[in-house]
Structures are given as structure tokens and as C-alpha cells.
């Protein structure tokens, strides 16, 4: 029986991957074609240097291609930046915006994240908008209020379940090996779901909420089986086909 909303597993390669890494994407395609991810939607988000090559590898197959960031403007004098329209033209159908590494390392505000998401939607891309609290914010009891504020400030009011995905990533669990308890994740996702319903009405039930934060094959089944967890945003474990499919394979 198919799930509604459809599960989604996205791999964020971050600043990793050379042309040799395309072999891993080929292996992922073969695995998904072999139904090793069931009915789940699979996305790979390689670095910008590999997007066109990855698009060629994935063309006509079951895996979607995503990018890791975009500029809020469609074009102009912004040296080194890439617009959503350019990503769409290169073959992408998704783009990650507001990742904690962008928010913390580049000072990206909720308003900027929202403008990037709106630009993505206007270009025909679905936006995966990341939200999440730091360790200090969680320890201060502010996790829900922080995430709620990011959602209100970062999500375009005109977005739909077709062009919006929310990824909850507790900042303190990214790349640290630390993982929130199942109860922590379930509580936060329930809070996010309620807020999506407040913002989008009935459509908020169909907006997919991903969990991201040291997801690996050993903990994927427990985390992704929780209520309101519609898939995962995977970091390091998405660089190797075996590890990535070990996560996506829970939907088989």
C-alpha cells in the first residue's frame, strides 16, 4: 500500500564529490530501478560542479536531481552565485535552502531563505527548506519556539505540497554522531505538522517533513518510522550507494 504523503529520501553531498563519484549515482539508480527503495522518492544533491553530469546519468530514471543552494535573484552581477533558473536549466528539480551550515556560516536570515525558496518555486523547482535548533537553544527549552519562528519566517505563504518540503535538522546532531531520542523527533515533527496546518490549512497535512541529523542505516528504521516523519535528509551516508540505499531501503 502506498503512503500519503509519499516518502522522500534526499542525499546532500555538501562540498564532496568529484567526477569519480558519479559511479555511486549510477549504483543508486540501479538500486532504485530494482525497487530497493519501494515507492519512496529519491533525490541526490551533488555539488554544483556535478549537476550537469549527474543529470545525464539520471536522465529518464527514477531518481530526481537536486542542488544545494540558489541565489534569490534570477540573474545579475553576483559573481560565483547560481540562480534557480540556472539549476532548473541544468536538470535539477529540487534545491536545498536554509541549511544550518548556510544559516550559521553565512549568516542567512529567515527572510533570505524565504526569498531563495520563492525564487526556486518561480523557476519551477521544489524547495527543501531546512530548520533546526542549536544545542544551546534546546538546553534552554527554546527548541520548539526557535523552529516555529524559522518556519514562519522561511516558508513562502503561497507554497504547496508539490513545491515545498520541510527538513528538520537539529543542528547539534549534524555530523556529530549525536541523535535526538525518538520522542524528541516525534514531538518536534508533531509541532511542525501542527504549524503547517495553521499556515496552509488542509494542504499542510501533505507537506512532507524530513528528518535530518546523523541519519544512517543503523537508526533509519526507528527514526523514519515515527509519526509525521516523511523521510530523511541524509548527509555523509548519502555519498556511498550502499549506505544511502541502506536508509532508503526501509521503504522497500
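For this structure, a couple of remarks:
- The combined condition, being surrounded by fewer than 22 Cβ atoms within 10 Å (Cβ to Cβ), touching a helix residue (DSSP H, G or I) at 6+ places or on another chain (Cβ under 8 Å) and either free of Cβ contacts under 8 Å to residues at least 24 places away in the same chain or closer than 20 Å to residue 245 by Cα (or both), is fulfilled by residue 64.
- With respect to the conditions (1) free of Cβ contacts under 8 Å to residues at least 60 places away in the same chain; (2) touching a strand residue (DSSP E or B) at 6+ places or on another chain (Cβ under 8 Å), residue 208 falls short on a single one, namely (1).
- Identity of the residue in the stretch 162-187, over 20 Å from residue 221 (Cα atoms), modelled with pLDDT of 95 or more and touching a helix residue (DSSP H, G or I) at 6+ places or on another chain (Cβ under 8 Å), that ends up surrounded by the most Cβ atoms within 10 Å (Cβ to Cβ): 164
- In summary, residue 102 fulfils each of the numbered conditions (1) part of a helix (DSSP H, G or I); (2) touching a residue at least 40 places away in the same chain (Cβ under 8 Å); (3) within 14 Å of the chain's Cα centre (by Cα) with the single exception of condition (2).
- Scanning the stretch 43-54 for residues that are assigned to a helix (DSSP H, G or I), surrounded by fewer than 19 Cβ atoms within 10 Å (Cβ to Cβ) and under 18 Å from the mean Cα position of the chain (by Cα) gives a single hit, 48.
- Inspection of the stretch 72-86 finds a residue satisfying the criterion of being surrounded by 21 or more Cβ atoms within 10 Å (Cβ to Cβ) and under 23 Å from residue 160 (Cβ atoms).
- Check on residue 159, out of contact with any strand residue (DSSP E or B) (no Cβ under 7 Å at 6 or more places or on another chain), closer than 22 Å to residue 231 by Cβ, buried (at least 23 other Cβ atoms within 10 Å of the Cβ) and at pLDDT 95 or above: yes
- Count of the stretch 1-48 residues which are without any contact (Cβ under 8 Å) to a residue 24 or more places away in the chain and either touching a strand residue (DSSP E or B) at 6+ places or on another chain (Cβ under 8 Å) or closer than 24 Å to residue 207 by Cα (or both): 1
- Count of the stretch 27-42 residues which are surrounded by fewer than 16 Cβ atoms within 10 Å (Cβ to Cβ), part of a helix (DSSP H, G or I) and in contact with a helix residue (DSSP H, G or I) (Cβ under 6 Å, 6 or more places away or on another chain): 1
- Inclusion of residue 17 among residues that are crowded, with 16+ Cβ neighbours inside 10 Å, part of a loop (DSSP other than H, G, I, E, B) and at pLDDT 95 or above is warranted.
- Of residues in the stretch 194-217 being modelled with pLDDT under 95 and over 13 Å from the mean Cα position of the chain (by Cα), the one nearest to residue 96 (Cα to Cα): 214
- Subset tally (residues that are over 17 Å from residue 71 (Cβ atoms), part of a helix (DSSP H, G or I) and in contact (Cβ under 8 Å) with a residue 12 or more places away in the chain) for the stretch 111-136: 1
The values are calculated or read from the model by the stated rules, or taken from the named source; none is laboratory data. Since the structure is predicted, the reported quantities are computational estimates derived from the model, not experimental observations. Backbone-built Cβ (ideal geometry, glycine too); neighbour counts: all protein chains shown.
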